[in-house]
Amino acid sequence: MTSLNLESYRLRFRRPFTIARGTRDGTDTVIVTLRHGSLTGYGEASLPPYLGTDDAMVKKFLSSVDLHRFTLDDTGTFLENAASLGPRNMPALAALDMAVHDLAGLHAGEACPLAFGTGERVSVPTCYTLSMADASDLESALGSAADFGMLKVKAGGPGDRAWLDAVATRSGKPFCVDANQGWTDREQVLDLLHHLSETGAVFVEQPMPARQDEDMRWLKARSPLPLIADESLQDEGDLDRVQDCFHGINVKLMKCGGMRPAARIIREARVAGMKVLVGCMSESSCGVAAAAVLAPMADWADLDGPLLIANDPFEGIEYRNGLLCTSGEPGLGIKRKNIRG
Ligand code: MG
């Protein structure tokens, strides 16, 4: 007997979170509980507004999955069948993929990273994110970031140069910049990229809107820093086009539908000689435990989501000395906490 429970949950941010698209106080997520016999696997569908889907669409999609076809003997075919259902819903597929892998790991008595060839226990450096709202109290934000070796700085507004200079000067740490499509003039962007390359920036993520491919090709040919596609790369189908415009990609489970497709994208990107960042949306320890499985395959990890929320419904990962560490327990190695969203 296999069953799926779908629970609406609101992840609340510790501090207002501001990026180029605006300020939010939280993110809706759907917690997926897959039960099969005596085993319980968990997954999560995080729903930042830009993904264009919502709680009701996730639940409708997952309700259409034929659970009679679930078997622990061939979870890959079950997930491929779910991915062929239309209209596809990537966060829903990601949640299902996590829950299936969690449950299969529990059944096998093995931690998920073993199934993906990334070891038993993952321990990787991760960035710590500063939102544009942190400009109002940078010292406090840098205090929260003290353990972390690299910062990810959200930008894409009119005061960017002063904001990024303040972070560079006061933190003294390497940092990457995520403009979230907020810059539109390629000449000005190139000028800023040269400035950033002299102040400790490591790479820049999605400087321009996803539709401005021609400007991105121009910029790629001239940029002194690696340019990483986030909004421009949603799933596998975008990889060919993005190769011409960026040096690397930000792979997130919510965009591509889970660990299985994400591992495929990372391998394809490597063959194409691209850099890889494994990232997350605002997600709980469930989504981040799953993304962490793939982090050893990447150049960088940006997996601090649980640190930014006040009501994480899961436990099982730890942040120690700037490292994200999975538990090494079977499956995703997480447990549901007794709190409601
Ligand atoms: Mg981004």
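The values are calculated or read from the model by the stated rules, or taken from the named source; none is laboratory data. Predicted, not measured: the structure shown is a model, and the values here were computed from it. Note: ideal-geometry Cβ built from the backbone for every residue, glycine included; neighbour counts use all protein chains shown. Heads up: the accessible areas ignore ligands, DNA and RNA and are worked out on the full protein's heavy atoms, side chains in. Shrake-Rupley method; radii C 1.70, N 1.55, O 1.52, S 1.80 Å.
Mind listing just one residue for me: the one in segment 222-261 that is more than 17 Å from the chain's Cα centre (by Cα) and among the polar types (S, T, N, Q) and, of those, surrounded by the most Cβ atoms within 10 Å (Cβ to Cβ)?
Of everything passing the filter in segment 222-261, S223 is surrounded by the most Cβ atoms within 10 Å (Cβ to Cβ).
Got a number for residues in segment 228-260 being over 18 Å from D302 (Cβ atoms), in contact with a Leu (Cβ under 9 Å, 6 or more places away or on another chain) and within 16 Å of the ligand (Cβ to nearest atom)?
Qualifying residue count for the region: 1.
Which residue, of A263, A221, is away from the ligand (no atom under 14 Å from the Cβ), within 22 Å of G305 (Cβ to Cβ) and not assigned by TED's automatic domain parsing to the domain that holds L93?
Answer to the selection: A263.
Has segment 200-212 got any residue that is of a type in the set (G, A, S), away from the ligand (no atom under 16 Å from the Cβ), surrounded by fewer than 17 Cβ atoms within 10 Å (Cβ to Cβ) and touching a residue at least 24 places away in the same chain (Cβ under 8 Å)?
Within segment 200-212 (the criterion being of a type in the set (G, A, S), away from the ligand (no atom under 16 Å from the Cβ), surrounded by fewer than 17 Cβ atoms within 10 Å (Cβ to Cβ) and touching a residue at least 24 places away in the same chain (Cβ under 8 Å)), the answer is no, since none of the residues qualifies.
Taking interchain pairs and intrachain pairs at least six residues apart, which have beta carbon atoms under 8 angstrom, with the first residue in segment 27-52 and among the aromatic types (F, W, Y) and the second open to solvent by 40 Å² or more (accessible area, probe 1.4 Å) and modelled with pLDDT of 95 or more?
Y42/R336
How many of the residues making up segment 17-41 are open to solvent by less than 70 Å² (accessible area, probe 1.4 Å) and not in a strand (DSSP E or B)?
2
Checking the conditions here, which among S131, S140 is open to solvent by 30 Å² or more (accessible area, probe 1.4 Å), assigned by TED's automatic domain parsing to the domain that holds P296 and either within 22 Å of W300 (Cα to Cα) or touching a Lys or Arg at 6+ places or on another chain (Cβ under 9 Å) (or both)?
S140
Inside segment 162-194, can you point out the residues that are in contact (Cβ under 8 Å) with a residue 60 or more places away in the chain and either part of a loop (DSSP other than H, G, I, E, B) or outside the structural domain of S131 (by TED's automatic domain parsing) (or both)?
Selection gives A179, N180, Q181, G182.
Can you name the number of the only condition in (1) touching a residue at least 40 places away in the same chain (Cβ under 8 Å); (2) part of a helix (DSSP H, G or I) that L142 fails?
Evaluating L142 over (1) touching a residue at least 40 places away in the same chain (Cβ under 8 Å); (2) part of a helix (DSSP H, G or I) leaves (1) as the failure.
From the list A92, A133, A82, pick out the single residue that is over 22 Å from G333 (Cβ atoms), within 19 Å of the chain's Cα centre (by Cα) and in a helix (DSSP H, G or I).
Just one listed residue meets the conditions, A92.
Could you tell me which residue of segment 276-300 is farthest from the ligand (Cβ to nearest atom), considering only residues that are hydrophobic (A, V, I, L, M, F, W, C) and open to solvent by 10 Å² or more (accessible area, probe 1.4 Å)?
By that ranking, first place goes to M297.
Which residues, counting only those in segment 156-180, are within 14 Å of the ligand (Cβ to nearest atom) and among the basic types (K, R)?
Within segment 156-180, none qualify.
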